[in-house]
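Colleague: For reference, the structure I am asking about is given below.
The values are calculated or read from the model by the stated rules, or taken from the named source; none is laboratory data. This is a predicted model, so every value here is computed, not measured. Positions of Cβ are generated from backbone atoms using ideal geometry, with glycine treated the same way; all protein chains shown enter the neighbour counts. In case anyone asks, the SASA skips ligands and DNA or RNA and just uses the protein heavy atoms, side chains included. Shrake-Rupley method; radii C 1.70, N 1.55, O 1.52, S 1.80 Å.
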Amino acid sequence: MIDQLLTWFGLDWLDLLAPSLAFLAFLLFARGMVARQHGKTFLVLPELAFILFELSFRFLFDQGNLYQCLYRMLVDNGIGLILASVYLSMYDHHPKILWVPGVLAIMLASLLFWGKLFLVKSVGFLNQLSKYEINLPKPNALEDDGEADILLELGADDQIEEIEAMLKKEGYRWKKAFPVSVKEDADAGNAYWLYRDGKPDKSWLAALKGDTENVDEAEINDEVYAIPTLPPGEIPAQAAGYTNDPEFGKQWYWQLYGEELFAKIKTLRPKRKAKVAIIDTGIDGKHEDLQKIVGKTGYTDQQGHGTHCAGIAAAVANNQTGIASLNWEGKWLQLYSYPALGDRGTGTDKQVAEAIFEAATANVDVISLSLGSYSPIPSRSQEIAIQYALKRGIIVVVAAGNDDENANEYSPANIPGVIVVSALAPNLEKASFSNFNTSLKFPIAAPGVDIFSLQANGTYVAKSGTSMATPMVAGVAGVLKALNPKLRNQEVWRILHETGTLVPSIEQTGRMINPLPAIEAVSGRRGAQ
């Protein structure tokens, strides 16, 4: 019940624990003050140590950036101080000693909140402050955020001013691509989007890349597509229902794993909910099987591709509604939508890279990417964003593609470090459309034919594609992260690979995920508890 209320208001347990600690710390301090007034002993140092701990609590355990931690810490302590002042007022002992700083803390938090909205729109000041650096816009820098022509990556010790004359001559404006400093990330910190009216001049692009003294890379901002879904065939019959979800019988793949899987997930308890980011066309956050588990980052999906993926990854199981995932009663996974593709299922490298970066800075646990394009050379902007996510311990799962070709010719599947998912048919052979992925470092396979999931209009439909296999893997990865938040990308792939099922097409697709032994490998417990 509490989990559901927290999810409804977009909160988590930390948002209850932190202000409670603040209240307890200042309440103990207030009791000590009252005790000393009555001639009793008051040990100041332990109380001050506790206050110091709770002041640093957000910075130690919150997953937000510096600005977010500071803002939340002020709110926590404002609440704690004001509540503790009530105790002093009961004993008529100068409640203003706590009440006044409490109000000031709330006022300062309000200034930070509204100040950020103003300053981000004016000069991006707090966006840089959240990354420990103040960096005002340079002359000729772009103020609006339209669609870019080119990604420019400078060397770690180079500055945009060094090629400013060259850019101005061609009529280009620029904007910092990612809100980090070079010190934090050498690649992301020195990348820029270049803009001008009209199409980019590819011959000038070659000249730009020829400036090897300053320029590490320059590339056209190309289109990216949702991996197209294919119409379903006849959905295989499901042997039995392991949950009370009415459409469970249409999810044929659960019979591959048996009732023991749901018996296990039902009895285990996650250390915390894992945050799964769906970077796609959006998510219909009002869908009956998602509405209580979708975070604040997206509630619409006109195209439907993202909602279908979201349902596969994390639809609430055993809620007497719709379908099931491993998200038992919504206790395991929280969904976040980062729309990067439009209503037609298309976007650009820039939109995808920025969505990945936004998800990474929000400290999600898993990123699911059912998108891509033919690109033998990986998209550099996406690669920078994905490497940033991987460094932060985020699991990145991507679709192999639907062209029955080698996934190493498709981006982001060919970006180093990602888990690449091929699709299997009900006979556990490679789906006829699926790209093969075993030339890449982290291949895995999952069912991807006739996958029954959610429609953006509140209904349900079956679709096929590596787009469907990918969120299935992302959902399992999220469960593993919920059990052990310290797991990193390569560790998750190793667990999925070592516990995976040998399938006929293993030489093309890798092993098929087998959630039960993977969960047991992380939880350390075998058999129903």
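Colleague: Among the residues of region 286-297, is there at least one that is open to solvent by 10 Å² or more (accessible area, probe 1.4 Å) and either under 28 Å from Trp193 (Cα atoms) or modelled with pLDDT of 95 or more (or both)? Explain how you work it out, then say what you get.
Modeller: Restricting attention to region 286-297, the residues satisfying the condition of being open to solvent by 10 Å² or more (accessible area, probe 1.4 Å) are 286, 288, 291-292, 296-297.
With either under 28 Å from Trp193 (Cα atoms) or modelled with pLDDT of 95 or more (or both) added as a condition, the list becomes 296-297.
Within region 286-297 (the criterion being open to solvent by 10 Å² or more (accessible area, probe 1.4 Å) and either under 28 Å from Trp193 (Cα atoms) or modelled with pLDDT of 95 or more (or both)), the answer is yes, since at least one residue qualifies.
Colleague: Specify the residue that is farthest from Thr346 (Cα to Cα); the eligible residues are those in region 260-305 that are part of a loop (DSSP other than H, G, I, E, B) and small (Gly, Ala, Ser). Reasoning before the result, please.
Modeller: Just the residues of region 260-305 that are part of a loop (DSSP other than H, G, I, E, B), to begin with: 268-273, 280-293, 295-304.
Going one step further and asking which of them are small (Gly, Ala, Ser), we end up with 282, 285, 295, 298, 304.
Working: Gly282: 12, Gly285: 21, Gly295: 23, Gly298: 17, Gly304: 12 Å.
Of everything passing the filter in region 260-305, Gly295 is farthest from Thr346 (Cα to Cα).
Colleague: Residue by residue through region 95-115, note down the ones that are among the aliphatic types (A, V, I, L, M) and open to solvent by 90 Å² or more (accessible area, probe 1.4 Å).
Modeller: Leu104, Met107, Leu111
Colleague: Can you name every residue in region 510-529 that is in a loop (DSSP other than H, G, I, E, B), closer than 17 Å to Lys264 by Cα and not small (Gly, Ala, Ser)? First the steps, then the outcome.
Modeller: Narrowing region 510-529 to residues in a loop (DSSP other than H, G, I, E, B): 510-511, 513-514, 524-529.
Applying the additional criterion that residues be closer than 17 Å to Lys264 by Cα yields 513-514, 524-529.
The answer is Ile513, Asn514, Arg525, Arg526, Gln529.
Colleague: Let me spell it out: the conditions are (1) more than 29 Å from the chain's Cα centre (by Cα); (2) part of a helix (DSSP H, G or I); (3) at pLDDT below 85, and Phe59 meets all of them except one. Which number is the exception?
Modeller: Answer for Phe59: the failing condition is (1).
Colleague: Out of all the residues in region 212-228, which are under 20 Å from Gly347 (Cβ atoms) and part of a strand (DSSP E or B)?
Modeller: If we filter region 212-228 for residues that are under 20 Å from Gly347 (Cβ atoms), which is where we start, we get 219-228.
Within region 212-228, Glu219, Ile220, Glu223, Val224, Tyr225, Ala226 meet the criteria.
Colleague: Could you check, for region 342-361, whether at least one of its residues is over 19 Å from Ala148 (Cα atoms) and in contact with a strand residue (DSSP E or B) (Cβ under 8 Å, 6 or more places away or on another chain)? First the steps, then the outcome.
Modeller: Narrowing region 342-361 to residues over 19 Å from Ala148 (Cα atoms): 343-344, 359-361.
Subsequent filtering for residues that are in contact with a strand residue (DSSP E or B) (Cβ under 8 Å, 6 or more places away or on another chain) retains 359-360.
Yes: region 342-361 contains one or more residues that are over 19 Å from Ala148 (Cα atoms) and in contact with a strand residue (DSSP E or B) (Cβ under 8 Å, 6 or more places away or on another chain).
Colleague: Additional query: With of a type outside the set (Gly, Ala, Ser) and within 20 Å of the chain's Cα centre (by Cα) as the only criterion, which of Val522, Val492, Val503 stands out? If you could, list the steps in order and put the result at the bottom.
Modeller: Details: Val522 fails: within 20 Å of the chain's Cα centre (by Cα); Val503 fails: within 20 Å of the chain's Cα centre (by Cα).
One residue alone meets the criteria, Val492.
Colleague: Taking the residues in region 457-509 that are in contact with a His (Cβ under 8 Å, 6 or more places away or on another chain) and either charged (D, E, K, R) or assigned to a helix (DSSP H, G or I) (or both) as candidates, determine which candidate is most open to solvent (accessible area, probe 1.4 Å).
Modeller: Filtering region 457-509 for residues in contact with a His (Cβ under 8 Å, 6 or more places away or on another chain) gives 458, 461, 463, 467-468.
Still in the list and also either charged (D, E, K, R) or assigned to a helix (DSSP H, G or I) (or both): 463, 467-468.
Values: Lys463: 36, Ser467: 0, Met468: 0 Å².
Taking the candidates together, the pick is Lys463.
Colleague: Shifting gears a bit: Check region 181-188 and report whether any residue there is under 28 Å from Asp343 (Cβ atoms), open to solvent by 10 Å² or more (accessible area, probe 1.4 Å) and part of a loop (DSSP other than H, G, I, E, B). Spell out the reasoning first.
Modeller: Initial filter on region 181-188 (under 28 Å from Asp343 (Cβ atoms)): none.
No, region 181-188 has no match at all.
Colleague: If we only count strands (runs of 3 or more DSSP E) wholly inside region 310-417, which ones have 1 or more residues that are of a type in the set (Val, Ile, Thr) and open to solvent by 20 Å² or more (accessible area, probe 1.4 Å)?
Modeller: Working: elements: 333-337, 346-348, 366-369, 371-374, 395-399.
Per the criteria, 346-348.
Colleague: Exactly one condition in (1) closer than 30 Å to Ala218 by Cα; (2) touching a helix residue (DSSP H, G or I) at 6+ places or on another chain (Cβ under 7 Å); (3) surrounded by fewer than 23 Cβ atoms within 10 Å (Cβ to Cβ) is not met by Pro426; state its number.
Modeller: Going through the list (1) closer than 30 Å to Ala218 by Cα; (2) touching a helix residue (DSSP H, G or I) at 6+ places or on another chain (Cβ under 7 Å); (3) surrounded by fewer than 23 Cβ atoms within 10 Å (Cβ to Cβ), Pro426 breaks only (1).
Colleague: Check whether at least one residue in region 433-442 is over 27 Å from Leu390 (Cβ atoms) and either touching a strand residue (DSSP E or B) at 6+ places or on another chain (Cβ under 9 Å) or open to solvent by 20 Å² or more (accessible area, probe 1.4 Å) (or both), and report yes or no.
Modeller: First, pick out the residues of region 433-442 that are over 27 Å from Leu390 (Cβ atoms): 433.
Checking the rest, the ones that are also either touching a strand residue (DSSP E or B) at 6+ places or on another chain (Cβ under 9 Å) or open to solvent by 20 Å² or more (accessible area, probe 1.4 Å) (or both) come to 433.
Yes - at least one qualifying residue is present in region 433-442.
Colleague: All but one of (1) of a type outside the set (Phe, Trp, Tyr); (2) modelled with pLDDT of 80 or more; (3) open to solvent by 30 Å² or more (accessible area, probe 1.4 Å) hold for Ile163, so report the exception by its number.
Modeller: Of (1) of a type outside the set (Phe, Trp, Tyr); (2) modelled with pLDDT of 80 or more; (3) open to solvent by 30 Å² or more (accessible area, probe 1.4 Å), only one is false for Ile163: (3).
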